[in-house]
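Novice: First, the structure itself, so that you have it in front of you.
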Amino acid sequence: MAYLPDDVPTPEPTIDDKPFWDACAKRELRFQRCTACRKFRHPPVPGCPNCKSFDLEWVIALEDAELYSFTIVNYPAHPAVQKVLPYNVAIVLFPSYDNVRLISNVVDAKPEEMMIGMRLWLVWEELTDGLFLPRFMMNSTKAQKR
């Protein structure tokens with residue numbers, strides 16, 4: 001089951017983030033890492049903000065993370081989400097990857113269950129066009145079954 005309705009606009013890859021979305025299509029969460037200074041970064045950019053190198057690689061991320069911040073959306077940002085209000089928008093932190101952050105959703109959490117610092121596990125949501133989106137769950141038992 002989808003977290004958000006099918007008619008919500010999907011990501012449109014750019015030249016910089018296309019490798020990220022290509023990896024997601026294989027159910028792999030990957031982050032950019034500079035091969036010069038070894039710093040991770042997200043969202044993807046062509047040059048390293050740390051050392052200015054243009055040399056990069058894409059590294060598979062571990063599937064667990066933590067909730068860095070969130071908001072509960074009560075007013076529709078798009079007409080398609082009117083029927084699923086309220087929903088959360090989460091900033092997910094990956095401490096093992098230089099604290100890169102990814103904007104996503106926690107699909108099994110009610111608004112009152114969301115807590116900054118809680119552990120999260122990666123799950124994949126398949127959209128109608130074959131695109132896979134990285135989503136997260138707070139319950140590791142459910143995440144393993146998905």
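Bear in mind these aren't lab numbers, they're just calculated from the coordinates by the rules spelled out. Nothing here was measured: the structure is a model prediction, and the numbers come from that model. Note that we place each Cβ from the backbone using ideal geometry, even for glycine, and neighbour counts take in every protein chain shown.
Novice: In the range 28-72, how many are under 14 Å from ILE103 (Cα atoms) and not basic (Lys, Arg)?
Specialist: 13
Novice: Right, another one. May I ask you to list pairs of residues, at least six apart or on different chains, whose Cβ atoms are under 9 Å apart, with the first in the range 48-68 being on the phi > 0 side of the Ramachandran plot and the second being of a type in the set (Lys, Arg)?
Specialist: none
Novice: If I filter the range 104-129 down to residues being out of contact with any Pro (no Cβ under 7 Å at 6 or more places or on another chain) and without any contact (Cβ under 8 Å) to a residue 40 or more places away in the chain, which single residue comes out as surrounded by the most Cβ atoms within 10 Å (Cβ to Cβ)?
Specialist: Only one residue fits best here, namely VAL106.
Yes/no matrix, rows are residues, columns are (1) touching a Pro at 6+ places or on another chain (Cβ under 9 Å); (2) outside any strand (DSSP E or B); (3) loosely packed, with under 15 Cβ neighbours inside 10 Å; (4) among the small types (Gly, Ala, Ser):
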| residue | (1), (2), (3), (4) |
| --- | --- |
| PRO11 | no, yes, yes, no |
| PHE20 | yes, yes, no, no |
| GLN32 | yes, no, no, no |
| PHE54 | yes, yes, yes, no |
| LEU62 | no, yes, yes, no |
| ALA90 | no, no, no, yes |
| SER96 | no, yes, yes, yes |
| LEU102 | yes, no, no, no |
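Novice: Pairs, please: C-beta under 9 Å, at least 6 apart or cross-chain, first residue in contact (Cβ under 8 Å) with a residue 40 or more places away in the chain and in the range 83-98, second in a helix (DSSP H, G or I) and of a type in the set (A, V, I, L, M)?
Specialist: Matching pairs, first to second residue: TYR87/VAL81.
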